[in-house]
Amino acid sequence: MSWLYCRTPRPEAPYRLVCFPHAGGSAQFFGSWSDALPGLEVQSVLYPGRAQRIAEPPPVDLRGMVADIAEALRPLDDRPLVFFGHSMGAVIAYETALLLARRGTPVLRLFASGCRAPHRERPSLPDGGEFTEEAVVAAVMELGGVDAELMANKMMRELVLPYLIGDLRMFEAYEHRATDVLDCPVTAIAGDTDEHVTAAEADFWSVVTRGPFRRHQLPGGHFYLTDHPPFDLIEEALREEVPAAPPRQHAKP
């Protein structure tokens, strides 16, 4: 199983930016970010059940998946890791950062995009929260995450909906632990017209870190980053970091 996708390896880059997609999303969502961020090596997380991993069942346990992602990132800890997660991906990034910190590999910074803080109540689906196809399609259409023509295509619906519903069920079952607090800086980003993640909601990310916290809003809704990707914010934040540490020398077995 491959958990990571890197379009442009950059062994000279001082940092690795690891991107965590939204529910129903794939690593290719961040495919163009390598071109826009030439000073970083961009790695994207490949969730099971879609794209290259379409033959695998969708994930059902968020923390179980986080353990696999953390293990896949072990060979990449020779350079500081920076996490960017959008929507559900922000919580997966947060949990992965927690686990890596416990294992002695703290993340340099977490960018939590378009997501309520992990201890906050998440918006419910229509139809009383039932994960029917109609309710899920209506919800993602409202957020702007899926093209209307795509959802109108029966073949595409049959392909996409199993892993989209699987992601939403997994996220619904996730329970935050109040004692889980990061030490790294956290930057929360939200679209200025996103009714689900307002500025006030984004500010709650400050509760889950002992490190510095910042919040930014960019033009757009829940998927603001399609038209206004936060490249400048990422580069500005990393310019303020201490110089990257030299690569770690792993002991030979």
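For the chain, the solvent-accessible area of protein heavy atoms averages 48 Å² per residue (probe radius 1.4 Å; ligands and nucleic acids excluded). Global dimensions of segment 1-127 from alpha-carbon coordinates: Rg and Dmax equal 14.2, 51 Å.
For Gly211, the residues whose modelled amide H falls within less than 5 Å of its own, excluding neighbours fewer than 5 places apart on the same chain, are Cys184.
Note that segment 3-54 shows a convex hull volume over its alpha carbon atoms of 65 Å³ per residue.
Within the chain, the longest segment free of exposed loop sites, counting trypsin sites (Lys or Arg not before Pro) that fall outside DSSP classes H, G, I, E and B and have at most 13 other Cβ atoms within 10 Å, spans 1-102. Both numbers refer to the Cα atoms of segment 138-221; Rg and Dmax are 16.5, 47 Å. A probe of 1.4 angstrom, applied to the heavy atoms of all protein chains, finds Asp232 with accessible area near 110 square angstrom. Overall dimensions of segment 187-244, expressed as equivalent-ellipsoid semi-axes from the Cα gyration tensor (√(5λ), whole Å, largest first), are 21, 16, 6.
Remark on segment 71-144: Rg and Dmax equal 15.9, 48 Å (Cα only).
Its DSSP H runs of at least 4 residues, each contributing -39,500 (n - 2.57), put the calculated 222 nm mean residue ellipticity of the chain at -9500 deg cm²/dmol, to the nearest 500.
To put it simply, the accessible area of the chain at a 1.4 Å probe is 54 percent carbon and sulfur. Each residue of segment 154-168 is assigned a 3J(HN,Hα), and the resulting list reads 4, 5, 5, 4, 5, 7, 7, 4, x, 7, 5, 5, x, 4, 5 Hz, derived from the Karplus form 6.51 cos²θ - 1.76 cosθ + 1.60 (θ = phi - 60°), x at Gly and Pro.
Accessible surface ranking for Met141, Met65, 1.4 angstrom probe, highest first: Met141, Met65. Each principal axis of the Cα cloud of the chain was evaluated for its coordinate range; sorted largest first, these ranges are 52, 40, 36 Å.
The values are calculated or read from the model by the stated rules, or taken from the named source; none is laboratory data. No experiment lies behind these values; they were computed from the predicted model shown. We place every Cβ from the backbone using ideal geometry, glycine too, and count neighbours over all the protein chains shown. Surface accessibility is based on the protein's heavy atoms, side chains included, excluding ligands, DNA and RNA. Shrake-Rupley method; radii C 1.70, N 1.55, O 1.52, S 1.80 Å.
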